[in-house]
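Take a look at the structure below.
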Amino acid sequence: MNYRFFISNLLLVLLLATSSMAQDHLFRNPDEPLDARVEDLISKLTLEEKIGQMMNSSPAIPRLNIPAYDWWNESLHGVGRSAVATVFPQSIGLGATFDNDLVYRISTAISDEARAIYNISVEKEFRQRYSGLTFWSPNVNIFRDPRWGRGQETYGEDPWLMSKMGTAYVKGLQGDDPNYLKAAAGAKHFAVHSGPERLRHEFNAVASQKDMHETYLPAFKVLVENGVETVMCAYNAVNGDPACASDFLLQDLLREQWKFDGHVVSDCGAVSDLYRDNGHQIVDTEAAAAATAVKHGVNLDCGSEYEALPKAVEEGLITEEEIDAKLATLLKTRFRLGMFDPAEMVPYSDIGPEVINSEEHRKLAKEAALKSMVLLKNDEVLPLKKDMARYFVTGPNATSIEAILGNYHGVNPNLTTYLEGLAAKVAPGSQLQYRQGFLLDRPNVNPIDWTTGAAQSSDVIFAVIGINTLLEGEEGASVASEHYGDRLDYQIPRNQIDFLKNLRDGYDKPIVAIVTGGSPLDLRQVHEIADAVIMTWYGGQEAGNALADLVFGDAVPSGRLPITFPKSLEQLPPYEDYSMEGRTYRYMEKEPMYPFGFGLSYTTFTYSDIELSSSSISSDESVEIEATITNEGDLEAEEVTQLYFRALDPGMRSPLYTLRGTKRVKINPGESATVQFTLSSDDLKLVNEEGEHVLKSGQYRIWIGGSLPGERSLQLGGSQPVEATLTVQ
C-alpha cells in the first residue's frame, strides 16, 4: 500500500467529516432562534476560547471551522485604513452640509464598499485588521471647544444636528434588511469626551446632570433608539468613574434606561487605564482591570487585557457564567452580520469590487465637498472668470494630501488637490503658476522670496492656507503638533499671516484665501487681508474639483458652519472645564468671529411671511410653522434654512438659541419657495439642573432664517430671519 496515498486520503476523510460535523452544529442552523444558536456556540467553547473571542483580534477556532476575525475597522468618512476606497469629506465637513439625506447616501455607499472589501477578503482568506464589518464610527462627541484636535471627527457642536446626522449615518451603514446587518456601526466615545487629548487616559471630565442630558448624551441616546449596534466607552473618567467601568453610563443609562441590546467595546487600551500608573488606577492588576470591565458591561476589549481573565476567574474576581453572558451579547453581532450562515442567505454577499471608488461614488464625494465648503467672505470677487490672463496659486496646502484627507481616512488613486482642481478649470491660453511660497507652520529658512513678486503680477492669487492633520488630530498621529494633536494656541501659524501681508502689500487685485483644517481658527486677520475667504475643511478626494467649481461659478456655495468660530480663546472658558456655560452658540454670549450656521452664497435670499398653525401649544401637541424664501439674485442656488427657538422667561438656565430644524431648498432666480417645519411640545422641552426634560409654560420666540439669529450674521452679510412668538400652555 502507498503509505503517503493512504495518509492523504485519511486526512481528506477526516477533514470532510469535521466539516460535515461543523455544519451539523445547531449554531450553524439559520432556522434556529438567535439566542439558541449563540448558547449552542458558547457551550462548545473552552474558557480560553471564549476569552479569545472577546478581544478585537479574535483567533480562529479550527475544530469548529470558525475563522479568525478582527473587530477593529474604521469608516468615519469612507472605508479607512484598508483598501482603496472612496474618500468623502471629513465628518466636520459633512456637518457643514446640514444635509441628513446626503449623510445617509454617503454611509450607504461606504457600507457597499465595506461589504465588497469584506467579500473579497474572505474569498482570499485575508483575515486582517480593517477587513471586517464592525466599524467604530460615527464619532458623536460634542465639539465643545476648538482646541480639541479630534473635533474634526464629529459633526459639530450642536446635539440636535449631531443626532440627526449620526442617525442617518447609522441607518445607511447598517442597511434595512430585517434579518441581517449590512455592517455594524459604533457610536463613540461614550461619553463626555472631547479633550484634552494629552490627558485622555487619566482625565476626569466633570459635568453637571444638566449638561450631561442637554449636551453630552442626547446623540448617543438617539443613536441607541435608532438601533446602533455598538457603543464604544471612552478613555476618560466621567464624574469620578472611568467610562469603561461606570455603572451610571454602562448600566443605569445604556442598558436599563435606554434598553441598548448591542455590544460595548472599549476604546483601544482603555481597559489597561483601569490599573496602570498613568491611567485611572482604580484597581491594582491587569486581572482585576479585565474583571472590572466585564462586570461593568464591556463585551469587547480593544487590546489584550482580557488575556488575564482566566487568572481573574481563578482569583474569584469574576465567574465564567458572567463572562458567558457578556460573550453572548457580543456574538449576536457576528450572527446578525451573517458570518455563520451560508453566503447565499446573506443579501450583501454578492456585492462586488465594481462598487469601490465607482463613478457614482466619486460624484457623491464631489457633491458632499461642494455642499461642505463655507463662503465666509466675498467682496464681490467670486465667482471668477475662467479666462483671465494669469492666475497664481500659493500656500503650503495647495498640493498637500494631508489638507484634503483628514484623519481616519482611506486612500484613493485619484485624490485631487486644490492646485489640480484649479488647474483643470482654467481656460486654454490663460496662465496658471504655482509656488508653495511658505512653510506650513514655521518661517522660511531661505530669506529669498521669489513667490510674492510673481504672484503680484497675476490677476488673482489663490492662497491655500490653514492647517492640516500634521498639526491637529489624535494623540500620536499629528507629528508636527506640540500638544498631542490639540491646538492650544488657536492661531493660524504666524508665518502664514506674515506671508499674506506680503502678498497684499501694494497689490490691489483679488486674493482668495482657501482655508483648510478641521476646526475653528482665528481668521480675523485673514478676513481683513483677503477679498474672499472659503473654509474647505478636509474635503476628501474631490476637494480640488469642488473648490474649482465654486470659485469659477459652476456651483454656488451653500455650506454652513457647524461650529462657532470665536474671535480668540479669551472668549472661552478653560479647555479642561466641561461646563457648557459660555460655550457653543447656545451659551456663548460674546460676539464670535463667525457664528454657528453662518455661510454666504453668490445670490441673495430673503425671508418673509412666517405663519404658525396655532399661536399656542400644550403637552403632546405640535404646531406647523412655515415661511417664504425668495431668491433675489441671478443664480439658481440652494439655501440651508434653519429653525431656532428660545424660551423668553424659562425660570431656569436655558440656551440662548436652540436649533430644531434644517432644510435645504433649491430656488430659481427671482422665484420663491415655502419651507415648512413641525415643532412638537417635546422639541420645546428644556433640561433642568437635575437632568430632567421639562416643558415650561410661557412665551417662546421662533426664528426661521439662513443662519443663527443675531447681529453678527447680519454684519457679515447674512440674511435677516423672520420671527414669531409661540405660547406654551
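A few points about this structure:
- Count of the range 192-226 residues which are assigned to a loop (DSSP other than H, G, I, E, B) and either within 28 Å of Met339 (Cα to Cα) or over 15 Å from the mean Cα position of the chain (by Cα) (or both): 12
Yes or no, residue by residue, for (1) open to solvent by 30 Å² or more (accessible area, probe 1.4 Å); (2) in contact (Cβ under 8 Å) with a residue 24 or more places away in the chain; (3) of a type in the set (D, E, K, R):
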| site | (1), (2), (3) |
| --- | --- |
| His483 | yes, yes, no |
| Asp498 | yes, yes, yes |
| Val512 | no, yes, no |
| Glu528 | yes, no, yes |
| Glu542 | no, yes, yes |
| Ser558 | no, yes, no |
| Ser568 | no, yes, no |
| Leu572 | no, yes, no |
| Met580 | no, yes, no |
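- Checklist (1) more than 18 Å from Arg712 (Cα to Cα); (2) open to solvent by 20 Å² or more (accessible area, probe 1.4 Å); (3) touching a residue at least 40 places away in the same chain (Cβ under 8 Å) applied to Ala647, failing item: (2)
- Residue in the range 52-64 that is assigned to a helix (DSSP H, G or I) and either modelled with pLDDT under 95 or of a type in the set (Asp, Glu) (or both) present: no
- Of the listed requirements (1) closer than 30 Å to Leu364 by Cβ; (2) open to solvent by 30 Å² or more (accessible area, probe 1.4 Å), Pro520 misses just one: (2).
- Apart from one condition, Glu589 fits all of (1) over 20 Å from Gly718 (Cβ atoms); (2) surrounded by fewer than 24 Cβ atoms within 10 Å (Cβ to Cβ); the exception is (1).
- Test for Gly316: is it of a type in the set (Gly, Ala, Ser) and free of Cβ contacts under 8 Å to residues at least 12 places away in the same chain: yes
- From Pro353, Pro383, Pro443, Pro428, residue being touching a Gly at 6+ places or on another chain (Cβ under 6 Å) and either closer than 16 Å to Ala546 by Cα or open to solvent by 20 Å² or more (accessible area, probe 1.4 Å) (or both): Pro383
- Test: residue in the range 350-369 that is out of contact with any Phe, Trp or Tyr (no Cβ under 6 Å at 6 or more places or on another chain), touching a residue at least 12 places away in the same chain (Cβ under 8 Å) and closer than 30 Å to Gln715 by Cβ: yes
- The numbered conditions (1) surrounded by fewer than 21 Cβ atoms within 10 Å (Cβ to Cβ); (2) touching a strand residue (DSSP E or B) at 6+ places or on another chain (Cβ under 9 Å) are all true for Ile629 except (1).
- For the range 457-478, the candidate set comprises residues that are on the phi < 0 side of the Ramachandran plot and at pLDDT below 95; within that set, the residue that is surrounded by the fewest Cβ atoms within 10 Å (Cβ to Cβ) is Ala477.
- Tally of residues being farther than 16 Å from Phe677 by Cβ and surrounded by 18 or more Cβ atoms within 10 Å (Cβ to Cβ) across the range 604-626: 1
- The set of residues from the range 65-78 being in contact with a helix residue (DSSP H, G or I) (Cβ under 7 Å, 6 or more places away or on another chain), part of a loop (DSSP other than H, G, I, E, B) and open to solvent by less than 10 Å² (accessible area, probe 1.4 Å) comprises Ser75, His77.
- Of all residues making up the range 280-302, the number that are touching a helix residue (DSSP H, G or I) at 6+ places or on another chain (Cβ under 9 Å), open to solvent by 10 Å² or more (accessible area, probe 1.4 Å) and assigned to a loop (DSSP other than H, G, I, E, B): 5
The values are calculated or read from the model by the stated rules, or taken from the named source; none is laboratory data. Given the structure is predicted, the values throughout are model-derived calculations rather than measurements. Note: ideal-geometry Cβ built from the backbone for every residue, glycine included; neighbour counts use all protein chains shown. Note: areas computed on protein heavy atoms with side chains; ligands, DNA, RNA excluded. Shrake-Rupley method; radii C 1.70, N 1.55, O 1.52, S 1.80 Å.
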